1. P(r) for chain B: what percent of alpha-carbon pairs falls in each 5 Å bin, starting at zero?
2. Would you kindly calculate the mean projected area, averaged across all directions, of the convex hull enclosing the Cα atoms of region A:1-128, in square nanometres?
3. Taking the Cα centre as origin and putting +1 on Lys and Arg beta-carbons and -1 on Asp and Glu beta-carbons, what dipole magnitude results for the protein assembly as shown, to the nearest 20 debye?
4. Measuring from a point 7 Å past the Cα of B:Thr38 along Cα-to-C-beta, which residues in region B:73-90 have an amide N at less than 12 Å?
5. Give me the net charge for the shell around B:Tyr77: Cβ to Cβ below 14 angstrom, other residues only, Lys and Arg +1, Asp and Glu -1.
6. Which three extents, in angstrom, do the Cα atoms of region A:133-188 have along their principal axes, listed largest first?
7. Note the angle between two axes, namely the Cα long axis of helix B:68-84 and the longest principal axis of the Cα atoms of chain B, as a number of degrees from 0 to 90, rounded to the nearest 10.
8. Averaged over peptide A:62-75, how many Cβ atoms belonging to another chain are found within 10 Å of each residue's Cβ?
Amino acid sequence: MGTDGPDNEINPTREAFLRLLRSGLSGEGLTAEMIPELDAEQWDEVIRTAEKQTVSGIVFSAAAGLKAGGPPLRQAAVMAARLSRIAIEGQLMDRALTGLLSLLGKSGIVPVVQKGQGVARLYPTPRLRQAGDIDLYFKSAEERTSAESLLVSSGTPVRRMPDGSSLYTWHGVPVEHHSRLTDLRRIPSWAESFEHVVWVSDTDSVPGLMPSPECNLLLLCGHILKHTMGHGIGLRQFCDLAAAYHGYYGRTDYDKLKTMYSMCGLTRWHNLLGTVLTETLGLDRRYLDPLGFRPDANYKRMVEMTFEGGNFGLHKGKRGKSGTARAFFRNAPFAMRYAPREYISTIWRLFIGNIRK
Amino acid sequence: MKLNPDITLQKIGSMSILVNVAGAGGQDLTEVYNLNDTAAFLWEKIGTADIDVNLMSQWLCDEYDVTPEQAEKDCKYLLGQWEQMGLTMK
């Protein structure tokens, strides 16, 4: 079940961590008999892993539901403090997003809410999904320029980045405007077209667009691929994908999604990710079977890379330009096996980008 | 008098833990308190309302097998402790 260490011995700490994570993701409660008995040090390790993987809200809320066999007082206090902080940060994030969409909406600008905020509502308890920033995409370059002019004129400095994105801070929350809807390089233009974006409104008064289920699933798969090819990926992004497959069940055009995966050369990649979701996060196969899901026996390598990397590989030491290049070359065999077209395209762009500088 | 709005109650397993979410960002464990069941019951019942000893005593009598006199005495003692620890505000 993906809980074995490299030496194939069962690691009770990881097993407990994963059972808590699965419980938090599914919203199904746990009893003491369902997780290994842990001592204080092992609970400390569960806390460290949850923080590293930025899934503290999900894991700690599941631990909070244990009537017996839960953490000792000190570890419980750490979890209580963290859950309180996550709740406050979530409120700040929601208020910031609502305020930003409201400001833009008054000028007729309706962006697509991507990634974190766009996927949090698919979780059984959205506020437990920690989000670091707000990611927005606009249906045209003109609309994005108008949005950024509006922000600048209202006293919010906006920085244009070399990769084409824009960054600013809105009411204490980092916001990024993306030039593309997905992180994929080799994607048919129709898959990113606005025909595939549907209206969703959290409240009656604040407009906000969400990618369609098919587009969002492709976006999440591509996002994991991009970071796996580079510095690494964390479990939170897998949780997002699991929440999306589950949350979109019955609303997904599986034939269209299957075609999109195939046209982007991601069928094998999707099968690998799907195996991680079913074997490690406990996602029911019925959410993947309509896509012709075929489990990949090598999924444990991906699991280990994820545990090692943490949130976007931020726990793996030095980064920088040379570090990025090294990471891409180190991951070449893996990436070439699962998404060769994307990998070659990404490496080519990195190469061109470097000789232009 | 009200409960300090910077303090929130979190239940972790069978424990009821008060956390000060202001200032140290909820990470300062010197400001974490573990309440017993009765205190947690009263804390939740009070919520954001004004603190009323008579009402608290009534809640205790309704929930537990205790005389009104003992309930009032216990509530006053508890509020004194909460006040000392900065868990309430005027």
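None of the figures in this text is laboratory data; all of them are computed from the coordinates on show. The structure displayed is predicted, hence computed values, not measured ones. In this analysis, Cβ positions are derived from the backbone assuming ideal geometry, glycine residues included, and neighbour counts consider all displayed protein chains.
1. All Cα pairs, binned at 5 Å, distribute as 3, 14, 25, 25, 19, 10, 4, 1, 0 percent.
2. The number I arrive at for region A:1-128 is 9.0 nm².
3. It works out to roughly 2600 debye.
4. B:73-79
5. -2
6. Principal axes ranked by extent give 38, 23, 18 Å for the Cα atoms.
7. The angle comes out near 20 degrees.
8. 3
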